[in-house]
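K.L.:
Provided herewith is a single structure, encoded as structure tokens, for subsequent inquiry.
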Amino acid sequence: RWLFGLLVFMTSWHINKISLMLGSVESYRGHTKGYEANFITVLALGLLVSLALEKGARFRWLPPGAGWWLGHCALCTISLVVAPEKSYVLMAVWKFSTAIIIFIAAYNWLREEADLEFGLQAAAFTLVVQSAVVLKLKYVDRIYQVPGWFEHQNPLAMWAYMLGLPLLAAAMSGIGAATTRWCTAGFLASAIVVQASLSRASLAIFAVGVVGVVLASFIDQPTAKRVRFVLAMAAVGTLGLAASIGTIVARFNDEGNHESGETRVVMNLAARAMVRDSAIGIGWNNFGLTINQPFPYGDVIDDREREKGNPVDADYAKGVVESHYWLLLAENGYGGWASYLAFIGITSWRMLRGAWVRRRTFPGAFLMGLFIAVALTYAHSDLERVLTQTKNLSAWLLLLGLAAKLESWRREKI
């Protein structure tokens with residue numbers, strides 16, 4: 001359990017302190033810059049090996065859902081055929097294929113409900129630590145949009161609500177007092193993190209997620225505990241909102257919002273041109289290369305700048321499209337895009353079905369909160385491609401691994 005708790009905590013740690021890049025291309029602006037090794041995967045591998053060697057334990061090398069992910073990676077690898085830079089493709093193949101170790105380790109680690117409670121306590125502790133970091137950066141260092149220990153405020157906020165919403169659902173369920181306190185603290189910490197990030201989409205999505213979890217909980221079973229919990233959280237939330245409403249309103253009125261939206265639109269147009277030219281994509285992890293000269297796909301961005309009367313620097317390296325779905329289409333074509341949708345669709349359906357079958361139980365509440373969290377993450381992914389980033393990817397697959405084990409329990413009627 002302590003090894004698993006450390007695995008959860010590592011999803012929040014500084015990326016440059018937990019990873020090593022072999023063959024790193026620091027100047028490249030793609031989503032994968034080398035052959036990455038990180039402590040998250042190493043810990044998961046250690047956990048996996050120890051579980052596999054344990055006598056009498058039921059162990060599965062390919063749990064439900066893992067095959068779909070590996071199939072997605074295989075279809076994405078086909079783009080190697082047309083990629084202008086083959087090594088960039090292999091970097092992505094290595095990163096995303098080996099990430100399934102986290103999924104498999106989480107699946108095999110979970111053996112009883114007490115393990116799940118411990119995992120949520122570890123997530124809560126991690127969020128509490130991150131909220132302390134965030135508060136220090138915001139009120140001591142006076143940083144406007146706080147990134148915490150993440151590379152940017154957007155992945156920080158999306159990581160926080162992906163962990164925080166299942167904790168909210170669990171805190172409102174019938175678990176014991178100690179775990180309730182941990183989950184409540186973790187949820188409140190996630191709210192602090194999201195608010196301090198001042199990510200506009202995350203603020204809105206977090207609010208929608210909280211309402212969704214509360215409504216789903218009362219539909220599941222309107223208990224006295226849930227009524228007391230909602231009233232208490234409403235009081236705390238009102239105080240927190242009153243203290244921060246001015247900053248939040250100012251953030252939504254920032255002058256750069258319109259320009260940010262325009263950038264997303266033209267990047268999507270460039271991605272559309274790439275998939276139009278190649279149905280299998282232009283090469284996994286090659287977007288950051290083909291969006292620049294001598295390739296023509298970045299011309300739509302330069303043309304937009306000229307229309308606004310701005311000078312264009314032909315040597316400036318353009319970045320990667322923000323939409324995860326357009327990125328998949330551009331780099332991996334229709335096969336990579338469709339297989340990703342299949343993976344998230346199948347795993348989400350299993351979560352929803354598990355939440356229904358296990359309704360009025362703690363695991364059912366967890367699955368319901370997780371379903372809402374990942375559904376909102378997938379919607380948000382049209383604006384932010386954070387599930388390509390190591391820490392968010394790892395936290396996501398870890399949670400899906402736990403959900404997959406609960407699916408196996410459902411099939412075995414445990």
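The values are calculated or read from the model by the stated rules, or taken from the named source; none is laboratory data. Here the structure is a predicted model, which means the values were calculated and not measured. A quick note on method: Cβ atoms are made from the backbone with ideal geometry, for glycine too, and the neighbour counts reach across all protein chains shown. Note: accessible area is taken over every heavy atom of the protein model, side chains too, but ligands, DNA and RNA are not part of it. Shrake-Rupley method; radii C 1.70, N 1.55, O 1.52, S 1.80 Å.
K.L.:
Test of understanding: given the chain, find the longest segment containing no trypsin sites (Lys or Arg not before Pro) that are in a DSSP loop and have at most 13 other Cβ atoms within 10 Å.
P.N.:
For trypsin sites (Lys or Arg not before Pro) (loop position, at most 13 other Cβ atoms within 10 Å), the longest site-free span of the chain is 143-307.
K.L.:
A further question follows. Along segment 181-190, what does the Karplus equation 6.51 cos²θ - 1.76 cosθ + 1.60 (θ = phi - 60°) give for ³J(HN,Hα), rounded to whole Hz, x for Gly and Pro?
P.N.:
Along segment 181-190, the couplings run 5, 4, 5, 5, 4, x, 5, 4, 5, 5 Hz.
K.L.:
For segment 297-353, what ratio Rg/Rh do Cα atoms give with a Kirkwood hydrodynamic radius? Intermediate values should be presented prior to the final figure.
P.N.:
Working: Rg = 17.5 Å, Rh = 14.1 Å.
That ratio equals 1.24.
K.L.:
Where nothing but the Cβ of Lys and Arg (+1) and of Asp and Glu (-1) is charged, how large is the charge dipole of the chain around its Cα centre, in debye to the nearest 20?
P.N.:
I would put it at about 1720 debye.
K.L.:
Any idea what the relative contact order of segment 207-362 is, in percent, if you count C-alpha pairs under 8 Å spaced at least 6 apart?
P.N.:
25 percent
K.L.:
Karplus couplings for segment 203-208 from phi (6.51 cos²θ - 1.76 cosθ + 1.60, θ = phi - 60°), rounded to Hz, Gly and Pro as x?
P.N.:
3J(HN,Hα) across segment 203-208, in whole Hz: 4, 5, 5, 4, 4, 4.
K.L.:
Alpha carbon centre of segment 279-344 versus segment 154-211: separation in Å?
P.N.:
Cα centres, segment 279-344 to segment 154-211: 33 Å.
K.L.:
For segment 73-78, what does the Karplus curve 6.51 cos²θ - 1.76 cosθ + 1.60, with θ = phi - 60°, yield as ³J(HN,Hα) per residue in whole Hz, taken in order and with x for Gly and Pro?
P.N.:
After applying 6.51 cos²θ - 1.76 cosθ + 1.60, I find 4, 5, 5, 5, 5, 4 Hz.
K.L.:
In whole angstrom, how long is each semi-axis of the equivalent ellipsoid of segment 86-202, when you take the square root of 5 times every eigenvalue of its Cα gyration tensor and sort them from largest down?
P.N.:
Over the Cα atoms of segment 86-202, the semi-axes work out to 26, 25, 10 Å.
K.L.:
Residues of the chain: accessible area per residue at 1.4 Å, in Å²?
P.N.:
For the chain, the per-residue accessible area is 43 Å².
K.L.:
Among residues other than Leu406 whose Cβ falls under 12 Å from its Cβ, what is the net charge (Lys/Arg +1, Asp/Glu -1)?
P.N.:
+2
K.L.:
Give the range of the longest stretch in the chain that excludes all GluC sites (Glu not before Pro) found in loop regions by DSSP and having at most 13 other beta-carbon atoms within 10 Å. Can you show the working numbers first?
P.N.:
Working: sites that count: Glu26, Glu54, Glu112, Glu255, Glu412.
Excluding the exposed sites themselves, the longest stretch runs over 256-411.
K.L.:
Find the percent of Cα-Cα distances in the chain that exceed 34 Å, and round it to a whole number. Please report the intermediate quantities before stating the final value.
P.N.:
Working: 26230 of 85491 pairs.
Within the chain, distances greater than 34 Å cover 31 percent of Cα pairs.
K.L.:
Then there's this: With the contact rule set at Cα under 8 Å and sequence spacing of 6 or more, what percent relative contact order holds for the chain?
P.N.:
25 percent
K.L.:
Can you send over the carbon and sulfur percentage of the accessible area for segment 314-414, probe radius 1.4 Å, protein chains only?
P.N.:
Looking at segment 314-414 in its full context, I get 63 percent from C and S.
K.L.:
Can you pick out the pairs among Lys55/Lys391; Lys17/Lys136; Lys33/Lys391; Lys17/Lys95 whose Cα atoms lie more than 23 Å from each other? Kindly include the intermediate steps, with their values, before the conclusion.
P.N.:
On the way: Lys55/Lys391 32 Å; Lys17/Lys136 20 Å; Lys33/Lys391 15 Å; Lys17/Lys95 17 Å.
With Cα atoms farther than 23 Å apart: Lys55/Lys391.
K.L.:
What is the local net charge at Thr179, summed over the other residues whose Cβ is closer than 15 Å to its Cβ (Lys, Arg +1; Asp, Glu -1)?
P.N.:
It works out to a net charge of -1.
K.L.:
Then there is this: If you average 1/r over every pair of different alpha-carbon atoms in segment 318-414 and take one over that average, what Kirkwood value in Å do you get?
P.N.:
Result for segment 318-414 stands at 14.3 Å.
K.L.:
So, one more: Just to compare against my own numbers: the Cα pair-distance distribution for segment 1-148, 10 Å bins, whole % per bin, please.
P.N.:
10, 29, 32, 22, 7, 0
K.L.:
Rounded to two decimals, what is the ratio between the C-alpha radius of gyration of segment 237-357 and 2.2 N^0.38 Å?
P.N.:
Relative to the 2.2 N^0.38 Å estimate, segment 237-357 comes out at 1.43.
K.L.:
Related question: Please sort by residue number the chymotrypsin sites (Phe, Trp or Tyr not before Pro) in segment 103-183 whose DSSP state is loop and whose Cβ has at most 13 other Cβ atoms within 10 Å.
P.N.:
Tyr144
K.L.:
Let me ask something else. How compact and how long is segment 41-120, expressed as Rg and Dmax of its alpha-carbon atoms in Å?
P.N.:
Considering segment 41-120 through its Cα atoms, Rg and Dmax are 15.7, 50 Å.
K.L.:
Taking the inverse of the average 1/r across all pairs of different Cα atoms in segment 326-378, what Kirkwood radius in Å do you get? Before the final figure, lay out the partial values.
P.N.:
Details: mean 1/r = 0.0832 Å⁻¹.
The answer is 12.0 Å.
K.L.:
Helix-derived [θ] at 222 nm for the chain: sum -39500 (n - 2.57) over DSSP H runs of at least 4, divide by residue count, nearest 500?
P.N.:
-23500 deg cm²/dmol
K.L.:
Add +1 for every Lys or Arg and -1 for every Asp or Glu among the other residues with Cβ under 12 Å from the Cβ of Phe118, and state the total.
P.N.:
Summing Lys and Arg as +1 and Asp and Glu as -1 gives -2.
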